[in-house]
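Quick notes on the structure that follows.
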Amino acid sequence: MTHRVFNFNAGPATLPLPVLEEIKAEFIDYQGSGMSIIESSHRSPEYSAVHQETIALFHELLGISDDYKVMFMGGGASTQFFTVPMNLLHGGKKADYIRTGTWAKKAIKEAELFGDIHVAGNSENDEGKFNYCPNQSELDLRDGTTYLHFTSNNTIAGTQYHTFPKPVAGSFLVADMSSDMLWRKFDATDFGIIYAGAQKNLGPSGVTVVIMRKDVLDLCADGIPTMASYKTHFAKDSLFNTPPVFPIYAIGKVLKWLKGLGGLQAMEQINREKAGLIYGAIEGNPDFYRSPIKEDSRSMMNIVWRCPTEDLEKQFIAEAKANGMSGLKGHRSVGGCRASVYNAHPMEGVKALADFMNDFAKNNG
């Protein structure tokens, strides 16, 4: 087999090796059709089966009822930043947003183009950094809002909501779950819309999963651009235009892999064990590594830390790469080191990183 490194990149992220091997085996001739799935018509029976099975797997794994519609859209989560308010904030409606990182800030900026936006919680410090997620008691929520928007996991900052905020009565949650969708099971009752770019924890880039409670459709505006309207994609089952066939097919494979592991309860246990190994290496070397994140907001998906100096961080990243561990450089806006250990990242790679961290601290401390 071709040599593979341990991929700790934040996205596009690693995919399960069994999924990649299955895709490879089917790539030229999908199930005897004589063509690749990437060449198949989105109206073909072969792709139709993939499409419907992937939707059904989302319902099954998340335990969501038929009150929710699963849609596949383009443009990444960044497109949802304006699609949500464009659909929902017509006629002077208002929404609250929680500001917990770079992507939350971008979502707020887009939403301000369409309605009355209030920042109900903000965890940015005086240095422009984010190191925690505001809890319910810290939120300044308004009555009469249509929705409360938050980012469940902040890929750059390395923070994550472990207890979701609650909206005011008559409102609902809208969440960007791009970097932690399906890391665990959760109760979707308070959610009106969940969206996630696939390229971090679901599959390859090129498709955004949008899960909408069906009654929210009644709140969506008419008279907006066709491709930006949820009504378009809802009515046509994400087949109004040619969908991103290959990424949806790949997501379906990932979901079947997840199901084979035992579903989201099993996945959560694995994820907590993986994150625990890296946080254990940080906490086990307190004179060398430092986590800038408050303990109750530490991400299970994107783990960030600092070394004593920036030179040592550069050395750490270079030596780790030489030892088969790629993508450990922190985001340019925050520096430091970051390990993205999404669902598909193998336990073997996490153990290798934790061992390397311990050895590096011992040799350079």
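The values are calculated or read from the model by the stated rules, or taken from the named source; none is laboratory data. Small disclaimer: the values here were computed from a predicted structure and weren't measured. Cβ atoms come from the backbone with ideal geometry, glycine included; neighbour counts cover every protein chain shown.
Within the range 86-108, restricting attention to residues that are more than 19 Å from Asp143 (Cβ to Cβ) and more than 20 Å from the chain's Cα centre (by Cα), which residue is surrounded by the fewest Cβ atoms within 10 Å (Cβ to Cβ)?
Per the criteria, the residue is His90.
Looking for something in the same structural domain as Lys105 (by TED's automatic domain parsing), more than 19 Å from the chain's Cα centre (by Cα) and under 19 Å from Gly252 (Cα atoms) - is there at least one such residue anywhere in the range 53-64?
Yes, the range 53-64 contains a residue that is in the same structural domain as Lys105 (by TED's automatic domain parsing), more than 19 Å from the chain's Cα centre (by Cα) and under 19 Å from Gly252 (Cα atoms).
Taking the range 278-310 as the search range and keeping residues that are hydroxyl-bearing (Ser, Thr, Tyr) and touching a strand residue (DSSP E or B) at 6+ places or on another chain (Cβ under 7 Å), which one is surrounded by the most Cβ atoms within 10 Å (Cβ to Cβ)? Steps first, please.
Initially, the range 278-310 is screened for residues hydroxyl-bearing (Ser, Thr, Tyr), giving 279, 289, 291, 297, 299, 309.
From what is left, the residues that are touching a strand residue (DSSP E or B) at 6+ places or on another chain (Cβ under 7 Å) are 279, 289, 291, 297, 299.
On the way: Tyr279: 19, Tyr289: 24, Ser291: 19, Ser297: 21, Ser299: 26.
Only one residue tops the list, namely Ser299.
List pairs: first in the range 229-258 and on the phi > 0 side of the Ramachandran plot and modelled with pLDDT of 95 or more, second assigned to a helix (DSSP H, G or I) and not β-branched (Val, Ile, Thr), Cβ under 7 Å, 6+ apart or cross-chain?
none
Would you check which residues across the range 13-25 are surrounded by 15 or more Cβ atoms within 10 Å (Cβ to Cβ) and not small (Gly, Ala, Ser) and list them?
Matches in the range 13-25: Thr14, Leu15, Pro16, Val19, Leu20, Glu22, Ile23.
Among the residues of the range 113-122, is there at least one that is buried (at least 24 other Cβ atoms within 10 Å of the Cβ) and either touching a His at 6+ places or on another chain (Cβ under 6 Å) or in the same structural domain as Asn87 (by TED's automatic domain parsing) (or both)?
No, the range 113-122 contains no residue that is buried (at least 24 other Cβ atoms within 10 Å of the Cβ) and either touching a His at 6+ places or on another chain (Cβ under 6 Å) or in the same structural domain as Asn87 (by TED's automatic domain parsing) (or both).
Mind listing whichever residues of the range 263-289 are free of Cβ contacts under 8 Å to residues at least 24 places away in the same chain and over 23 Å from Ser152 (Cα atoms)?
Correct list: Glu283, Pro286.
Would you check which residues across the range 308-344 are out of contact with any Lys or Arg (no Cβ under 7 Å at 6 or more places or on another chain) and under 16 Å from Arg4 (Cα atoms) and list them?
Those that are out of contact with any Lys or Arg (no Cβ under 7 Å at 6 or more places or on another chain) and under 16 Å from Arg4 (Cα atoms): Ala320, Lys321, Ala322, Asn323, Gly324, Met325, Ser326, Gly327, Ala344.
Of the residues that sit in the range 155-181 and are aliphatic (A, V, I, L, M) and buried (at least 24 other Cβ atoms within 10 Å of the Cβ), which one is farthest from Gly76 (Cα to Cα)?
Ala157
Restricting the search to the range 202-224, which residues are within 22 Å of the chain's Cα centre (by Cα), more than 18 Å from Gly75 (Cβ to Cβ) and part of a loop (DSSP other than H, G, I, E, B)?
none
Considering only residues that are of a type in the set (A, V, I, L, M, F, W, C), within 16 Å of Asp355 (Cβ to Cβ) and touching a strand residue (DSSP E or B) at 6+ places or on another chain (Cβ under 7 Å), which ones fall in the range 311-325?
Scanning the range 311-325 gives Phe316, Met325.
Can you go through Thr146, Thr151 and tell me which one is on the phi < 0 side of the Ramachandran plot, touching a residue at least 60 places away in the same chain (Cβ under 8 Å) and crowded, with 19+ Cβ neighbours inside 10 Å?
Being on the phi < 0 side of the Ramachandran plot, touching a residue at least 60 places away in the same chain (Cβ under 8 Å) and crowded, with 19+ Cβ neighbours inside 10 Å holds for just one of Thr146, Thr151, which is Thr146.
Residue-wise test of (1) closer than 18 Å to Pro12 by Cα; (2) in the same structural domain as Asp180 (by TED's automatic domain parsing); (3) among the hydrophobic types (A, V, I, L, M, F, W, C).
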{"position": "Asp296", "(1), (2), (3)": "no, no, no"}
{"position": "Glu313", "(1), (2), (3)": "no, no, no"}
{"position": "Ile317", "(1), (2), (3)": "no, no, yes"}
{"position": "Ala320", "(1), (2), (3)": "no, no, yes"}
{"position": "Ser326", "(1), (2), (3)": "yes, no, no"}
{"position": "Val341", "(1), (2), (3)": "yes, no, yes"}
{"position": "His345", "(1), (2), (3)": "yes, no, no"}
{"position": "Ala352", "(1), (2), (3)": "no, no, yes"}
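May I ask you to list the residues in the range 299-314 that are farther than 17 Å from Gly284 by Cβ and touching a Phe, Trp or Tyr at 6+ places or on another chain (Cβ under 7 Å)?
Within the range 299-314, Met300, Met301 meet the criteria.
Only residues that are under 28 Å from Pro134 (Cα atoms) and in contact (Cβ under 8 Å) with a residue 60 or more places away in the chain: list them for the range 299-327, please.
Hits for the range 299-327 are Ser299, Met300, Met301, Asn302, Ile303, Val304.
Taking the range 112-126 only, how many residues are closer than 23 Å to Ser297 by Cβ and of a type in the set (A, V, I, L, M)?
2
Can you pull out every residue in the range 152-200 that is more than 20 Å from Pro134 (Cα to Cα) and not in a loop (DSSP other than H, G, I, E, B)?
Scanning the range 152-200 gives Gly192, Ile193, Tyr195, Ala196, Gly197.
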